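What follows is a short report on a single structure.
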Ligand SMILES: Cc1cc2nc3c(=O)[nH]c(=O)nc-3n(C[C@H](O)[C@H](O)[C@H](O)COP(=O)(O)OP(=O)(O)OC[C@H]3O[C@@H](n4cnc5c(N)ncnc54)[C@H](O)[C@@H]3O)c2cc1C
């Protein structure tokens, strides 16, 4: 059986980042990346719906070590996929990836201080073959939602609906919706992305939402970052743009925490200005929650507002009672949300891609999509520095967190030990993992989310600067971790 010092699950944004840092800080370690798909990119390779793009800027989402050089800071999915793939190839990481390996089970042996990983390898034209290997460290960079299928709620009468239903996670390449009438169900990031993209060629697009979301227009291009690139070296321009955007986001977040009513009014007033004084923003764009208590959606250059203004798209705020053969009946008693013409052959895209998929977060991030031999009640676990679960060496998606994992992978060597486990030693879980942020997908699964303790390293700061100090500059050995050797 092959053995590696480190096994990384997933060749998405995080997996490639983990490999980069591993190569840099632990050059002597052997590692492999097992990836179930046939390409690099994870999320940015899987999702192919029209308009797919990031909703945060790429200066903060990109790798710290590789400047983002595109003119658009809110970028389309293809450019992000290319960026991840180019990074992997130029750093020689691609040579360590084994594609079409789906991990099914991992088992930790305390007696041997190693993981046994069982995967299924599936190549074209070949039958599936089981593969087993062992590793000392397992970096779980498997993302936060289920890859096999997105979540689709049960709508009454959906079987009798004669139109086509499409999920954004499995967008058919040949889907022709030109000149057709489309209903997008949902109001999250995917819905606000799909609406302007589909409105370009569809007859009319209706976004049907149960409740409104904050929608904020931001420039797709970051003028300051593009200017910095002209006057400074690429590296320094990227660094400054990154910190500028981090500082700006922290400022906006703090503002929203301290003056929620003021920020709320500001966002709604901006939406009103975009849509015109006659538009009912109170019904469609004024959520019941405060900004940042749930997700805030960004639309580049106001593309969504533009599509609504031109009449190619509209928003309906109502609940679905049932599907009929030709459309959807709403709780308010209204018929099918209608655009300019009766629809019958429209594409319905139940869009639960982001919000509802994120119910699978626990499976992807903390309780991966494969079995772990020793069962853990994640709902009672406390994350060490926001990432490590009690006695379970799984690592989260964030590249920030990886800075802790990578030295941690090396650290046992320095201490002459072979295993390291988080040890809360009496620390009680006192608060949810994330405080003050309650979107539906967290509320529905609250019992299964890890809890945080009262003091470091069991406290989750939700503050980039404090997190970076904790993860990057404070010693791995500063408490909370137990270093040991397996029994002789
Ligand atoms: C439409 C959309 C837009 C988004 N926009 C943003 C944004 O603007 N900003 C932001 O911060 N985040 C955004 N996200 C979240 C996004 O998922 C993360 O930013 C980032 O791409 C996650 O990278 P990752 O490598 O952790 O996970 P993923 O991209 O999900 O990659 C995980 C990899 O692990 C592999 N894998 C999973 N299970 C197994 C297994 N059992 N065996 C082998 N391989 C496995 C998968 O095939 C995949 O390649 C968005 C997500 C979506 C869906």
State whether one or more residues within the range 283-299 are modelled with pLDDT under 95, loosely packed, with under 14 Cβ neighbours inside 10 Å and touching a strand residue (DSSP E or B) at 6+ places or on another chain (Cβ under 9 Å).
-> yes
Among the residues of the range 209-225, count how many are in a helix (DSSP H, G or I) and surrounded by 19 or more Cβ atoms within 10 Å (Cβ to Cβ).
-> 1
Any residue at all in the range 28-37 that is assigned by TED's automatic domain parsing to the domain that holds residue 58, free of Cβ contacts under 8 Å to residues at least 40 places away in the same chain and either surrounded by fewer than 17 Cβ atoms within 10 Å (Cβ to Cβ) or near the ligand (Cβ under 9 Å from one of its atoms) (or both)?
-> yes
Kindly state which helices (runs of 4 or more DSSP H) lie completely within the range 1-65 and contain at least 2 residues that are modelled with pLDDT under 90.
-> 13-25
Over the range 123-151, the set of residues over 26 Å from the mean Cα position of the chain (by Cα) and free of Cβ contacts under 8 Å to residues at least 60 places away in the same chain is 123, 124, 125, 126, 127, 128, 129, 130, 131
Among the residues of the range 168-177 satisfying the criterion of being touching a residue at least 24 places away in the same chain (Cβ under 8 Å) and surrounded by fewer than 20 Cβ atoms within 10 Å (Cβ to Cβ), which is farthest from the chain's Cα centre (by Cα)?
-> 177
Exactly one of (1) in contact with a strand residue (DSSP E or B) (Cβ under 9 Å, 6 or more places away or on another chain); (2) assigned to a loop (DSSP other than H, G, I, E, B) is unmet by residue 461. Its number?
-> (1)
Pairs only if they're at least six apart or on different chains, beta carbon under 8 angstrom, first in the range 178-191 and outside the structural domain of residue 204 (by TED's automatic domain parsing) and within 14 Å of residue 153 (Cβ to Cβ), second within 16 Å of the ligand (Cβ to nearest atom) and assigned to a loop (DSSP other than H, G, I, E, B); list them, first residue then second.
-> none
From 255, 194, 240, 228, which residue is at pLDDT 90 or above, assigned to a helix (DSSP H, G or I) and within 16 Å of the ligand (Cβ to nearest atom)?
-> 194
Within the range 446-457, how many residues are over 13 Å from residue 480 (Cβ atoms) and buried (at least 16 other Cβ atoms within 10 Å of the Cβ)?
-> 4
Just one listed residue, out of 70, 96, is more than 10 Å from the ligand (Cβ to nearest atom) and free of Cβ contacts under 8 Å to residues at least 40 places away in the same chain, and it is 70
Among 4, 65, 47, the single one that is more than 30 Å from residue 240 (Cβ to Cβ) and more than 8 Å from the ligand (Cβ to nearest atom) is 4
Kindly indicate the residue of the range 303-337 that is over 22 Å from residue 287 (Cα atoms) and touching a helix residue (DSSP H, G or I) at 6+ places or on another chain (Cβ under 6 Å) and also surrounded by the fewest Cβ atoms within 10 Å (Cβ to Cβ) among those meeting that condition.
-> 325
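One line per residue, one yes/no per condition, for (1) over 25 Å from residue 73 (Cα atoms); (2) under 27 Å from the mean Cα position of the chain (by Cα); (3) in a loop (DSSP other than H, G, I, E, B); (4) not assigned by TED's automatic domain parsing to the domain that holds residue 213:
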| site | (1), (2), (3), (4) |
| --- | --- |
| 274 | no, no, no, no |
| 284 | yes, yes, no, no |
| 288 | yes, yes, yes, no |
| 297 | no, yes, no, no |
| 307 | no, yes, no, no |
| 311 | yes, no, yes, no |
| 315 | yes, yes, no, no |
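The values are calculated or read from the model by the stated rules, or taken from the named source; none is laboratory data. A quick note: this is a predicted structure, and the numbers were derived from the prediction, not measured. In this analysis, Cβ positions are derived from the backbone assuming ideal geometry, glycine residues included, and neighbour counts consider all displayed protein chains.
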